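Let me begin by presenting the structure, written as structure tokens, before commenting on it.
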Amino acid sequence: MSEPKKCGTHTTIASNEAAKLTQCTCGAYHLSLLKRGLSLQLGADELRKIADTLGLAVRVADVEGRCASLIGEDVN
């Protein structure tokens, strides 16, 4: 098994109470889910795909939440 790539100085791209995204001098993006204690090292293309998926999931969750309150039923 190969050694993991060593990372250098990190620059914060975005951060809030739930997550922090940084980019290091090796070019990788580091996504930290702060409350979960999980950190992922991602390439740019992988980061884009994850962001697209999470964005879609949030939109679906928002729509389901509004629909549930309109019809008075829980949405699974």
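For the range 1-42, just say rounded, prolate or oblate: build the C-alpha gyration tensor, square-root its eigenvalues into a ≥ b ≥ c, call rounded for a/c under 1.5, and beyond that prolate if a/b exceeds b/c, oblate if not.
It is oblate, given that a/c is not under 1.5 and a/b is not larger than b/c.
Where the centroid of each part is defined by its Cα atoms, how far is the range 6-26 from the range 29-54 in Å?
10
Give me the number: length gained by fully extending CYS26 to ILE50, i.e. 0.36 nm times residue separation minus the C-alpha to C-alpha distance, one decimal in nm.
Residue separation times 0.36 nm, minus the Cα-Cα distance, leaves 6.6 nm.
Bear in mind that the values in this text are calculations on the coordinates, not laboratory data. For clarity, every value in this text was computed on a predicted model and none was experimentally measured.
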